[in-house]
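Each reported figure results from applying straightforward, stated rules to the coordinates on display, with no laboratory input. No experiment lies behind these values; they were computed from the predicted model shown. All Cβ positions, glycine included, derive from the backbone under ideal geometry; neighbour counts span all protein chains shown.
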Amino acid sequence: MKEFFHRKIERNAIGFVVAIVAVASIGGFIEIAPLFTIHETVEEAPDMRTYTPLELAGRNIYIREGCYACHSQMIRTLRDEVERYGPYSLAVESKYDHPMLWGSKRTGPDLARLGEKYSDAWHVAHLINPRDVVPESVMPKYGWLMRNELRIDDLGEHLVAQQAVGVPYTSEMVDNAVQDARGQAAPDTDAASAVAERYGEATHVRAFDGDPSRLTEMDALVAYLQILGKLTDKANQQAAAVEVEEQ
Amino acid sequence: MVSQLTISERQYALATLLLLGLGGLAMAAMGRGDPIAVHGYIVLIFAIGLSFVVMAGYYAPEPDKTRLSRYYDDPTKVGIVLSIAWAVVGMFVGVWVAALLAWPDLTFDQAWSSFGRLRPVHTSGVIFGFGGNALIATSFHVLQRTTRARMPGQFAPWFVLLGYNLFCVVAASGYLIGVTQSKEYAEPEWYADIWLVVVWVSYFLIYLRTLARRKEPHIYVANWYYMAFILVVAVLHIVNNLAVPIAWNAAKSYSLFSGVQDAMTQWWYGHNAVAFFLTAGFLGMMYYYLPKRAGRPIFSYRLSIISFWGITFLYMWAGSHHLHYTALPQWVQTLGMTFSIVLLVPSWASAGNALATLNGAWHKVRDDATLRFMMVAAVFYGLSTFEGSFMAIRPVNALSHYTDWTVGHVHAGALGWVAMITFGSFYALVPWMWKRETMYSPKLIEVHFWLALAGTIVYVFAMWNSGIIQGLMWRTYNESGSLTYSFIDSLVAMHPYYIARAFGGLLFLLGALVAAYNVWMTIRQSRMDAIDAGEDADIPLFARDAVQAGE
């Protein structure tokens, strides 16, 4: 009887190694590579803006604290999710998210459309002690965000790295990253109006933590939470268009 | 242990530690004001500590040539001990984070102890600390036995084992101080990732070089799985961790990919970390220790081939089932679902092959808790792969995704399959390694078995209940056509299940503590006997000195 062909492969270590890599590479290649080349994968959204330096710093705090472990940022195309959280998430909305924070678990609610749903003061109170505003909450307290001064001296480097991975920050934005971070949380200053100039009139310029004299981690995180779902209006426009069609 | 190294290997070790220490010093000096400096100090302390160990044995006489006719098992022994230590730490943190969801104020108002920072310490601690060390330790053992060849050098295995543990320490300590990429199961930052690549390449080379020296013409099936584990994890790790650091002296980096492409890459990685770390590697373990312990040959050689190539090919398509109904294009979701369902075939082929191997040895399963650990592991492997394929079906996933059901599923696999097969293999391996007839206490293995089984069942049932209730509450409509429950209603409903889950986890942790005690006592007994018999050749130098000092 002819020897079973697999017996031959088993005698050749290098051949076996090559076979494993070849067989294992097929699936990932076919599923991932086209996502970069098929243009319909990510919608067009001309009004899409980048995160301001302060919002980016806030996003990094969101990552640092592991918020993504309990909160998703991806509303699925299911009726109950759309009714609970708002229009379902589009790919373009996380186009500038390096990395994405879609999440995998909802111990707390989805945050994809959290922006401007609550006041800054609510967020500050909630982050200091969630049970003060939602008695049943199991979220940790984040009181130290209010005490920690925000690190901004390296924000220019952050924006350069973002440029390197493809986020369209201009060199003017890079040069002014530190002032912009300060300005966004200090309304009625020259720096504040410069932020709105660079990132758009709709940019939130407020003393997010309630104290314009200090720039804290709380400022950054709340600035980030208030922009969630607000970088582009595409999802709302699309939802409205569907509604018109149905009527 | 050091006395078993040749003089030139001791010099290699010191030179490597010197370079490592300098690297740590550079990170500490250049990264002032950045968390990377903390990691610099950790690397430095690690290097200094180990160089003391090497220097303490530096002037011991060269080991004699007869060692080359035996297998080299010192790294396996240390790997077992490290694995169990990580199990205790990782599972303890697991119980803690479980308790945080029931009693959120157990953080004591510290930044490092909040759920978000502790959770990756738990996941990395058990997956990479416990699981990874177990895989390295057992793979060295299985590789040498099944090729009938000694590993080529004595330095490389130590570099892999200890270098890997440095990675684990940097990872876990990083989460506590807020260093994370946020990619699940790939949280460590760029410098830790690069270090792991270096370690991993050395690991692969040990495998290839030992295979090249094999006296057995055929490569045994356990090694196919260990090789797939090493190779594919390398590919996954490198691609998913591509990132641009903000500076060479800063910890923070930004992922090369964004949005939908990043999500797909992450879950291609995430799901195949399950496939090739938590499945392939441990199947390698199973294919050696289960037939050995049962004293039966593998039931079917052809079934092994089908399941091996099936798993290697199909798993890589399945990752997109983590992204059903999201902004990922639907064609990718459909592919992911389809392949996830087909995946059940090779998965059950493996589980069935393992259980059929026990035919004729069921009386041993009844009497021997060690073999029973392995049998139950195979059963849980079959159950959780079935559950996985089921949950990958889009409409099922609509209910289960984002809920505790996923957490329950993962733990059915992690506790029921990965941990059970590991403990079973350890209970078989530890007496062999330390030259004992049996473990210190077979009774304690029995105790551990029932603690582990009870803990797993309590945990999984609690999460099934909470997950399904959660999923149903989120989509319940009242008669007027609006959602019945607020989100917080669903959270309140979880409370009893979160307590039950923490209790289940606690039982499992107690089991791991029993295992740690049992292994420790077995090692101690072995040392005592060696001293009594005057055979102190394989006792570390410091222990020998201690005896002399007492005289």
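Shielding by partners for peptide A:6-13, expressed as the average number of C-beta atoms from other protein chains within 10 Å of each residue's C-beta, is 5. For the stretch A:135-147, the Karplus equation 6.51 cos²θ - 1.76 cosθ + 1.60, evaluated at θ = phi - 60°, returns couplings of x, 8, 4, 10, 6, x, 7, 10, x, 5, 4, 6, 8 Hz by residue, with Gly and Pro reported as x. Measuring nothing but alpha carbons in chain B and taking Rh as the Kirkwood radius, the Rg to Rh ratio lands at 0.97.
Could you tell me which helices of chain B pass both thresholds, a Cα extent of 27 Å or more along their own axis and a mean Kyte-Doolittle hydropathy of at least 1.6, with helices taken as whole DSSP H runs? Within chain B the helices that satisfy the rule are B:35-56, B:74-102, B:221-240.
Taking 0.36 nm per residue of separation and subtracting the Cα-Cα distance, full extension of the segment from A:Arg151 to A:Glu245 would add 29.0 nm. Each part gets one Cα centre, and for the stretch A:186-231 versus the stretch B:175-218 those centres are 42 Å apart. Summarising the label geometry, the points placed 7 Å from Cα in the beta-carbon direction at A:Ile26 and B:Leu513 lie 5.0 nm from one another. Using a simple spin-label model with pseudo-atoms 7 Å out from Cα toward Cβ, A:Met48 and B:Thr66 lie 7.1 nm apart. Electrostatic bookkeeping for B:Leu5 treats Lys and Arg as +1 and Asp and Glu as -1; over the other residues with beta carbon under 12 Å from its beta carbon, the sum is -1. Report note on the peptides A:63-75, B:103-115: ranked by the mean count of other C-beta atoms within 10 Å, highest first, their order is A:63-75, B:103-115. Checking the Cα-Cα distances for B:Lys364/B:Lys435; A:Lys105/B:Lys252; A:Lys105/A:Lys230; A:Lys105/B:Lys183 against a 18 Å cut-off, the pairs over it are B:Lys364/B:Lys435; A:Lys105/B:Lys252; A:Lys105/A:Lys230. Under 5 Å between amide hydrogens, built in the peptide plane, is the criterion, and for B:Tyr254 it picks out B:Val244, B:Ile246 among residues at least 5 positions away or on other chains. A simple spin-label model places pseudo-atoms 7 Å from Cα toward Cβ; at B:Asp367 and B:Ile457 they are separated by 2.5 nm. Label zone (B:Met528, point 7 Å along Cα-to-C-beta; backbone nitrogen cut-off 15 Å) within the stretch B:408-439: B:436-439. For A:Lys234, the lysines whose Cα comes closer than 25 Å to its Cα, not counting residues fewer than 8 places off in the same chain, are A:Lys95, A:Lys117.
Averaged over its residues, how many other protein chain Cβ atoms are within 10 Å of peptide B:243-254's Cβ atoms? Could you put the intermediate results ahead of the total?
On the way: counts 4, 8, 3, 11, 5, 0, 0, 4, 0, 7, 4, 13.
Shielding by partners across B:243-254 averages 5.
Legend: Rg and Dmax of the protein assembly as shown, from Cα coordinates, 27.3, 96 Å. Amide H contacts for A:Thr216 (H built 1.01 Å from N in the peptide plane; partners 5 or more residues away or on another chain; cut-off under 5 Å): A:Leu150. For the pair the stretch B:233-292 and the stretch B:482-535, the centres of their Cα atoms are 26 angstrom apart. Put simply, when B:431-438, B:226-233 are sorted by average Cβ atoms within 10 angstrom per residue, most first, you get B:226-233, B:431-438.
Beta carbons within 10 angstrom, averaged per residue: use that to sort the peptides B:39-45, A:96-102, highest first. Intermediate values should be presented prior to the final figure.
Working: B:39-45: 19.6, A:96-102: 23.9.
With the highest mean Cβ count within 10 Å placed first, the list reads A:96-102, B:39-45.
Report, in whole Å, the centroid distance computed from the Cα atoms of the stretch A:78-153 and the stretch B:366-445. Taking the Cα centre of the stretch B:366-445 as reference, the centre of the stretch A:78-153 is 36 Å away. For the stretch A:2-41, the equivalent ellipsoid derived from the alpha-carbon gyration tensor has semi-axes of 35, 10, 5 Å in decreasing order.
Value of Rg to Rh for the stretch B:293-395, rounded to two decimals, is 1.11; Kirkwood radius and Rg both from alpha-carbon coordinates.
Under a Cβ-Cβ cut-off of 13 Å, what is the net charge of the residues other than A:Ile61 that fall near it, where Lys and Arg count +1 and Asp and Glu count -1? Spell out each step's value before the answer.
On the way: positive: A:Arg59, A:Arg64, A:Arg151, B:Arg117, B:Lys252; negative: A:Glu55, A:Glu65, A:Glu149, A:Asp209, A:Glu217, A:Asp219.
Net local charge, A:Ile61 excluded: -1.
Given R0 = 56 Å, the distance between the Cβ atoms of B:Arg296 and B:Glu479 translates into a calculated FRET efficiency of 0.40. Taking a point 7 Å out from the Cα of A:Glu116 in the direction of its Cβ, the residues of the stretch A:208-247 whose backbone N falls within less than 11 Å of it are A:227-233.
Computed from the C-beta positions of B:Asp489 and B:Ala26, the FRET efficiency with R₀ = 45 Å rounds to 0.25.
Would you mind computing Rg(Cα) / (2.2 N^0.38 Å) for the stretch A:53-246, counting N as its residues? Write down the numbers at each step before the final one.
On the way: Rg = 16.9 Å, N = 194, 2.2 N^0.38 = 16.3 Å.
It is 1.04.
Considering every alpha-carbon pair of the stretch B:213-283, the percent of pairs per 5 Å bin, from zero through the bin containing the longest distance, is 3, 15, 18, 16, 14, 12, 9, 5, 4, 2, 0.
Shape class for the stretch A:132-247, computed from the alpha carbon gyration tensor (a ≥ b ≥ c): oblate, with a/c not under 1.5 and a/b at or below b/c. Can you work out the base-10 log of I(q)/I(0) for the stretch B:422-512 at q = 0.16, 0.20, 0.22, 0.23 1/Å, using the Debye formula on its C-alpha atoms alone? After summing over all Cα pairs, the log10 values are -0.73, -0.91, -0.99, -1.04.
Per-residue mean of foreign Cβ neighbours for A:109-118 is 1 (Cβ atoms of other chains, 10 Å radius). B:Val201 sits among other residues whose Cβ lies under 14 Å from its own Cβ, and their net charge, with Lys and Arg +1 and Asp and Glu -1, is 0.
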